[in-house]
Amino acid sequence: MNDIKQAIAKSSTFENSIAGLSVLGITCYLVFHTALDIGHQEYTFALNLAFSSADTPLFQGYHRLRIELAQLPLLAVLVMGGIPLVFQLCQKLFKGDFGADLLAGVSIVTAVLLDELLAGSLVVLMLSGGAALETYAVRKASSVLEALAKRMPSVAHRKTADTVNDITTEQVNIGDTLLILPHEICPVDGTVLDGSGTMDESYLTGEPYMMSKTSGSQVMSGAINGDSALTIRADKLSIDSRYAKIMEVMRSSEQYRPNIRRLGDQLGALYTPLAVAIAIAAWVVSGDVVRFLAVLVVATPCPLLIGIPVTIISSISLAARREIIIKNPAILETIGTCRTAIFDKTGTLTYGRPTLTALIPATHYNEPDVLALIASLERYSKHPLSSAIVKTAEKSAISLQTVTSITELPGQGLKGEVAGKQVQITSRKKFIHQQPDKVELLPPISGGLECIVLINDEYAATLQFRDEVRTDSSSFIHHLRPKHLFDKVMLVSGDRESEVRYLAEQVGIDHVFFSQSPEQKLDIVRKETETSKTIFLGDGINDAPSLTAATIGIAFGQNSDITGEAADAVIMDSSLLKVDELFHIGERMRSIALQSAVGGMVLSVVGMAFAGLGYLTPVFGAITQEIIDVFAVLNALRAAIPPRSLSDYSFK
């Protein structure tokens with residue numbers, strides 16, 4: 001990573017130096033030639049070339065360059081700046097890279113041959129200054145991330161038995177007790193142990209609300225504490241916390257910068273031959289070789305070389321603000337062309353947590369009474385299903401009763417005395433083993449999980465649970481075809497058939513695959529990717545192979561570092577709304593990039609026409625191209641500005 005940074009910095013310094021030399025040389029020439037009206041003495045440089053055998057001449061050439069004293073600064077620009085740039089372009093040419101910037105190299109050489117030193121120097125300035133302009137624009141586009149970096153806390157207050165010590169955030173360990181003072185920035189992700197107050201998480205989530213925090217609440221690194229001190233337990237190291245994850249996008253964008261011009265190269269493959277053809281036609285029809293140079297100068301494709309990279313990095317910045325980490329910038333170009341969406345089940349279209357879907361009481365019991373007894377007992381349990389039962393009771397506004405005893409042994413279920421009654425919550429298998437003669441009292445087995453409730457050793461009710469479906473899953477799935485032109489939506493899961501089909505019916509997915517191993521998932525994704533571009537959305541370690549095999553892999557949430565490494569993008573906040581925002585950021589990026597590139601190309605073609613007809617000299621052609629460049633970059637920077645809405649679906 002450091003090698004990449006050093007290479008980029010070295011290249012940027014080299015091109016910035018040439019750009020500075022170009023500005024200085026052109027300025028000196030204009031001052032000497034125009035303002036001071038000196039240096040008109042003319043000097044001639046002659047070059048003779050000969051190549052021959054012992055008795056036969058094979059080649060003989062002669063070139064004469066006439067130069068005024070005032071043009072010496074321009075000559076310095078072409079020698080010290082033009083030759084290195086042309087050498088770099090020749091290296092790319094020998095590697096088979098026929099990029100659009102090849103036009104600039106031809107322009108420089110042609111300008112020297114035609115004694116158009118000012119025009120050649122302006123092309124050197126355009127080519128080298130383009131890198132400086134790109135660096136500046138990228139810095140502006142990434143200003144949000146730079147601001148995040150400046151806000152990164154460096155000190156945490158660790159509490160021990162009697163003291164509070166200041167330590168660096170790198171010294172914070174998981175499980176440490178930390179004190180967050182009023183108006184300080186939270187150093188790591190954690191859980192509130194003591195205190196209550198509010199936190200401003202808008203810098204991380206984009207939501208303009210103060211979030212209430214009390215004992216048990218989750219806090220995110222980078223959030224600004226309110227007016228009250230909070231004591232938290234560190235749940236993650238500083239480098240693994242939410243704030244640090246968002247910061248990774250800066251390094252990621254730098255790492256991928258050398259490879260983010262493919263769209264420009266595709267357009268350049270059409271643009272370069274067109275520009276050369278117009279230049280040759282202007283020369284042939286008019287008989288004036290200067291028009292050939294003028295056309296090529298106007299044709300120098302800076303909108304392709306600068307506009308597209310700036311648009312992509314601007315979009316990466318916008319995504320980071322929305323808690324979306326773009327690990328592979330290339331997906332922003334292709335996400336709008338994907339036509340098959342493949343979803344894992346748990347944690348993506350569902351919350352990955354159980355919910356009580358049915359309480360079926362026995363004939364002589366009623367639902368509220370049974371719920372009150374079991375919820376009173378379950379509030380003391382750590383079983384994964386307990387919270388679902390307690391939450392249902394809270395929604396029903398049921399008053400909990402006094403529990404006088406409780407036992408919870410592994411494999412034996414939960415037992416306790418509630419309001420003078422013996423309450424037991426166990427499995428169907430255990431109940432049948434204990435009371436085989438009461439099997440006919442049980443309802444038929446259904447999908448999902450279930451528990452059996454006994455009151456005073458008598459069958460009282462059956463509880464049925466399912467993975468809770470996200471409230472917006474159905475509306476999200478139904479909007480994919482009309483809004484994003486997906487032809488096929490698939491659900492591929494390792495879960496049981498009953499669970500997968502239940503979810504598919506709830507959200508409206510027709511193509512369903514259940515009980516799939518990671519290898520089987522991978523085969524399905526590969527086959528689909530052979531016929532169309534695919535997006536795979538998953539959150540588990542077993543999804544990592546499929547994330548890699550799909551055209552675009554999107555990791556949902558932060559459940560697994562392995563999943564995040566395999567994905568092209570990571571949705572930090574487990575929300576389908578963020579997935580839709582990623583779709584729109586990609587589509588918007590491609591639209592703005594094409595506007596900058598194609599718009600700049602169209603304006604350049606118009607300028608080439610004027611140059612070919614003799615209305616633009618090489619010098620004025622270079623000035624015209626610089627104006628086009630400014631408009632292209634300004635348009636590209638729009639990608640970093642969030643629009644009014646980045647989503648086009650709604651849910652209740």
Considering (1) within 36 Å of the chain's Cα centre (by Cα); (2) assigned by TED's automatic domain parsing to the domain that holds residue 463; (3) of a type in the set (Ser, Thr, Tyr), say which one residue 337 fails and leave the rest. (2)
State whether one or more residues within region 600-614 are at pLDDT 90 or above and part of a loop (DSSP other than H, G, I, E, B). yes
Please go through region 213-243 and give me each residue that is assigned to a loop (DSSP other than H, G, I, E, B), of a type outside the set (Lys, Arg) and under 16 Å from residue 156 (Cα atoms), ordered by number. 220, 221, 222, 223, 229, 235, 237, 241
Tell me which residues, restricted to region 181-196, are surrounded by 14 or more Cβ atoms within 10 Å (Cβ to Cβ) and either among the small types (Gly, Ala, Ser) or without any contact (Cβ under 8 Å) to a residue 24 or more places away in the chain (or both). 190, 195
Of the conditions (1) farther than 25 Å from residue 242 by Cα; (2) modelled with pLDDT of 85 or more; (3) surrounded by fewer than 23 Cβ atoms within 10 Å (Cβ to Cβ), residue 493 fails just one. Which one is it? (3)
Determine whether region 349-356 contains at least one residue that is at pLDDT 90 or above and not in a helix (DSSP H, G or I). yes
When restricted to 393, 375, 358, 397, the only residue touching a Leu at 6+ places or on another chain (Cβ under 8 Å), farther than 30 Å from residue 555 by Cα and surrounded by fewer than 18 Cβ atoms within 10 Å (Cβ to Cβ) is 358
Restricting to region 497-546, name every residue that is in a helix (DSSP H, G or I) and among the polar types (S, T, N, Q). 498, 506, 520, 529, 531, 542, 546
Before we move on, is residue 527 over 17 Å from residue 347 (Cα atoms), outside the structural domain of residue 450 (by TED's automatic domain parsing) and crowded, with 16+ Cβ neighbours inside 10 Å? no
How do the helices (runs of 4 or more DSSP H) wholly within region 365-484 filter down when requiring 3 or more residues that are aliphatic (A, V, I, L, M) and farther than 30 Å from residue 575 by Cβ: which remain? 367-378
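The values are calculated or read from the model by the stated rules, or taken from the named source; none is laboratory data. Keep in mind the model is a prediction, meaning the values are calculated, not measured. Neighbour counts run over all protein chains shown; Cβ positions are idealised from the backbone, glycine included.
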